[in-house]
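No lab work stands behind these numbers, since they all come straight from the coordinates. Because the structure is predicted, anything quoted here is derived from the model rather than measured. With ideal geometry, Cβ positions are generated from the backbone for all residues, glycine too; neighbour counts draw on all protein chains shown.
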Amino acid sequence: MMQRKLKRPEVLAPAGTLEKLKVAIDYGADAVYIGGDAYGLRTRAGNFSFDQMREGVQYAHARHAKVYVAANIVAHEQDLPGADTFFKNVQATGVDAVIVSDPSLIETCVLAAPGLPIHLSTQASSCNYETLNFWQDEGLERVVLAREVGIDEIREMRQHTDIQIEAFIHGAMCIGYSGRCVLSNHMGLRDANRGGCAQNCRWKYDLFDMPQLGEKHELTGVNPDGKKEAFSMSAVDMAMIEHIPDLIEAGVDSLKIEGRMKTVHYVSTVANVYSAAVDAYMADPDHYQTDPAWVDELWKVAQRGMSTGFYYNTPTEQDELFGEERKRPRYAFVGEVQAYDPATETVTIQQRNNFGVGDQIEFYGPGFTHYAMTVEDLFDEDGAAIERAPHAMQIVTLHCPHAVAPGDFVRGLKVRRHAHVRA
Amino acid sequence: MAEIIATADSIEQAAQLTAAGADYIYAGEDEFGLRLPHSFARAELTDLVQAVHAAGKKVLVAVNAIFHNDRIGEVGAYLQFLHAIAVDMVSIGDPGAIHVLQKESIPLPYLYDGADLVTSSRQIDFWARHGAVAAQVAPEVPYGELVPLMQHVTIPVSYLVYGASAIHQSGRPLLDNYFSFVKDHQERTDRARGLFISAPHKPETHYSIYEDRNGTHVFATNDVNLFGELDRVHALGIHYWKLDGLFVPGQQFSQIVAAFAHARDALAAGQWTSALVADGQHVIADNTPVNRATDTGFFDIDPDEVK
């Protein structure tokens, strides 16, 4: 039987900080995307200095992973001076590509940092193969598709273009075409295309018709619980974990996870899941099945409901956040394993969130390893028995009959909410 | 002298607009163009072009949709058709359509219109080097940024001086989805339905919202009216004054266009007066629909105020 030749897509994870960059790579990401101190859309993420960028690149390259720098603002006149220096400095750190959307910055990058690969950001809303060909002719290496593109459309694009295709597979979604939304500019003087997005789409609006100014005829309806349901434009999050074969077979080169603002818990969990799924499919595509544990795992860090966005159909009301919030188990990131002593079956944990005796915790690590248990004892650094570990970064030990490894993380189910957490 | 671009909702209105002083009639078909007052089928568009040319004026056709595969395949034939009927210029916002235009060597001048994305002279120059003969600058670019922008651009620019300003486009049927959820089926969610949303704790706001085949569109709470600022617009050297009559029907819009054309002529002749401004503002107020209001949008906002 002829063996199919499949190209393994990279799993591309967000990294808001150097710590998250290292975690994402340790947990299976083939590449990470980060922001510099300018020109990125996540002004509130922990963006990288050039020194941090250099350290991140060294860490990634030593593990055969790549680093991309997002410089995807839509620049105004006063933003452009200094852009050439920025791209030169980025190139000098050794990053593998920059993610840009504004042609003025693309051109600046080409001139200032020749040879530095450029990926077109999703902010450019690329939805057809001719657009991809335009950018390929411009010398770009890759296009990040608009989130509005369906799986059949990607298959068709692949037949018409050789440029690398990157597609979002997980995380929060803009409700509109990215880049074509300035709600935030008009409602709060915060430029959505320069990192100021206030997520106005998720606000609750009154909906009405108005024959003349001030004469409003309310059209706001009620939800199934009989309560007033304000109009909103808020999408549930994307999750393509159950459709990895479709993405690979369609010819997607890079599977992108959203979330440079997200936590270490989120980054590690989601990178772990998708790298496990891609590995499994590439190892044996004919017998591949979605592991329900992957889906369960993603729900542990889910902030909203999840859907497949535009991949299989135009989203309906089921793909938006209407009604009461859907109940689901809540997990918190409670710590990182520092050491494990098999002789005494003792694990040493650096606390990140309040937890204690009686709590259900779960260890998880790279390669999708898991072990769940109830905390039966807990000791401080001096070996004194304690009931809880309330202090941020506190070093504690507990008995764990299963071997875990340094670098594994610990999450807890329904931990107490009055935790003392240092940001 | 500046040229006035005015949208048309019919051949009859186009005749009024050209008589009122519009230099370009802006029209198109909603399969290819965004947020149009009327979707002109090809036969109707052919008649429109003939009528406008007979009046000695020009036609700018909107081909500025965000295209998916299904429609990009139709763009080449549509551009060939527009060239065949002697359309004077097209507006394009999707680089895929530019790729088609150039791949098929269709000799149609294009104005780059990437909506809110067109914000700097260097970006405009990029499109100029890719064949654009003009560019539509985003309404979110204030006067303070227009000054340096206009010093550096190498092709003429267009700027919205009157009309609704689109601030959001979604590929989702956001209104239908909402009404489905609350089980309140509405026969129409299109522009003619006249729906608005208001922001939380700001009941005075009224953002127009509607759906069409290009998705859901939301507009700024007030329409742009730069009549009182036209001396500064003129001094900037903005070549195309865009007036959008998406929400202003028929004769009302023609009256507004006439006021702007009169102002344009007065400025060119050095006859700009406060009395003329007052008269023009009266015309605009009298002809702006009763469920709409106007302001100067982002024009007078200090660029440093925008975070």
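Could you work out how far apart the two model spin labels at B:Ala86 and A:Thr369 are, taking each label as a point 7 Å from the Cα in the direction of the beta carbon, and quote it in nm?
Placing both labels 7 Å beyond Cα along the Cβ direction yields 7.8 nm.
With +1 on the Cβ of every Lys and Arg and -1 on the Cβ of every Asp and Glu, and nothing else charged, how large is the dipole of chain B about its Cα centre, in debye rounded to the nearest 20? Write out the running numbers ahead of the final one.
Working: 20 positive and 38 negative charges, 69 e Å.
Value, rounded to 20: 340 debye.
Suppose every Lys and Arg Cβ carries +1 and every Asp and Glu Cβ carries -1, with no other charges. What dipole size does the range B:193-307 come out with about its Cα centre, to the nearest 20 debye?
Value, rounded to 20: 340 debye.
Place +1 on the Cβ of every Lys and Arg and -1 on the Cβ of every Asp and Glu in the range A:68-194, take the dipole about the Cα centre, and give the residue among A:Asn128, A:Ile169, A:Phe87 whose Cα lies farthest towards its positive end.
A:Ile169
When the distances between all Cα atoms of the range A:1-143 are binned every 5 Å from zero, what whole-number percent does each bin get?
2, 10, 20, 21, 20, 14, 8, 3, 1, 1, 0, 0, 0
To one decimal place, what orientation-averaged projected area in nm² is obtained for the convex hull of the Cα set of the range B:167-219?
The Cα convex hull of the range B:167-219, projected and averaged over all directions, gives 3.9 nm².
Could you work out, residue by residue across B:118-128, how many beta carbons of other chains sit within 10 Å of that residue's beta carbon, and then give the average as an integer?
Numbers: counts 3, 11, 11, 3, 11, 11, 2, 3, 8, 2, 0.
Taking the mean over all residues of the peptide, I get 6.
Starting from 0 in steps of 20 Å, tell me what percent of the Cα-Cα pairs of chain A lands in each bin.
Going out from 0 Å in 20 Å bins, chain A shows 24, 53, 22, 1 percent.
What three numbers, in Å, describe the spread of the alpha carbons of the range B:167-307 along their principal axes, ordered from the longest?
Dimensions of the range B:167-307 along the principal axes of its Cα atoms: 59, 40, 27 Å.
Rank these for me by crowding, A:Thr85, A:Thr348, going from fewest to most other beta carbons within 10 Å.
The fewest-first ordering by Cβ neighbours comes to A:Thr85, A:Thr348.
Report the per residue volume, in Å³, of the convex hull enclosing the C-alpha atoms of the range A:282-423.
Taking the convex hull of the Cα positions in the range A:282-423, it is 154 Å³ per residue.
Going by C-beta contacts inside 10 Å, put B:Met89, A:Met393, A:Met173 in order with the fewest on the left. If you can, show how the numbers build up before the last one.
On the way: B:Met89 20, A:Met393 11, A:Met173 23.
Neighbour counts put them in this order, fewest first: A:Met393, B:Met89, A:Met173.
Between A:Ala384 and A:Gln58, what FRET efficiency follows from the Cβ-Cβ distance if R0 is 45 Å, with the result rounded to 0.05? Write out the running numbers ahead of the final one.
Details: r = 41 Å, r/R0 = 0.90.
FRET efficiency, A:Ala384 to A:Gln58: 0.65.
If you count the DSSP beta bridges with both ends in the protein assembly as shown, what percent of them are antiparallel, to the nearest 5?
Around 50 percent of the beta bridges assigned by DSSP in the protein assembly as shown are antiparallel ones.
List the DSSP H helices in chain A whose Cα atoms stretch 20 Å or more along the helix axis and whose mean Kyte-Doolittle hydropathy is at least -0.5.
Correct list, ordered by number: A:264-283.
Principal axes first, then extents: for the Cα atoms of the protein assembly as shown, list largest minus smallest coordinate on each axis, whole Å, largest first.
Largest first, the protein assembly as shown extends 94, 56, 51 Å along its Cα principal axes.
Summarise the partner chain shielding of B:212-222 as one whole number: the mean count of Cβ atoms from other chains within 10 Å of each residue's Cβ.
3
Taking the convex hull of the alpha carbon atoms in the range A:161-277, what volume per residue do you get, in Å³?
About 191 Å³ per residue, rounded to a whole number.
Using alpha carbons only, what's the Rg to Rh ratio of the range B:59-103 with Rh from Kirkwood?
Computed over Cα atoms, the ratio is 0.93.
Share of antiparallel DSSP beta bridges in chain B, in percent to the nearest 5?
Antiparallel bridges: around 30 percent, rounded to the nearest 5.
Between A:Ala405 and B:Asp286, what is the label-point separation in nm under the 7 Å Cα-to-beta-carbon projection?
With each label point 7 Å from Cα toward Cβ, the separation is 8.1 nm.
Could you work out the mean count of beta carbons from other protein chains within 10 Å of each residue's beta carbon in A:188-199?
On the way: counts 3, 6, 2, 6, 4, 5, 3, 1, 2, 0, 1, 0.
The per-residue average across the peptide is 3.
Return the long-range amide H neighbours of B:Thr7 (sequence gap of 5 or more, or a different chain), with a cut-off of under 5 Å between placed amide H atoms.
Those qualifying (amide H under 5 Å, at least 5 residues apart or on another chain) are B:Tyr26, B:Leu243, B:Gly245.
Across 5 Å bins from the origin, how do the percents of Cα pairs in the range B:1-77 run, short distances first?
3, 17, 27, 22, 15, 9, 5, 1, 0
Rounded, prolate or oblate, given the Cα gyration tensor of the range B:40-198, with a/c below 1.5 counting as rounded?
It comes out oblate by the Cα gyration axes.
Using only the Cα atoms of chain B, what are the Rg and Dmax in Å?
Using the Cα atoms of chain B, the pair Rg, Dmax is 18.8, 59 Å.
If I model a spin label at A:Ala343 and B:Lys183 as a point 7 Å from the Cα along the Cα→Cβ vector, what separation in nanometres do I get?
Placing both labels 7 Å beyond Cα along the Cβ direction yields 6.8 nm.
Limiting things to C-alpha atoms, what are the Rg and the maximum Cα-Cα separation (Dmax) for the range A:331-413, in angstroms?
Over the range A:331-413's Cα set, Rg and Dmax evaluate to 11.2, 34 Å.
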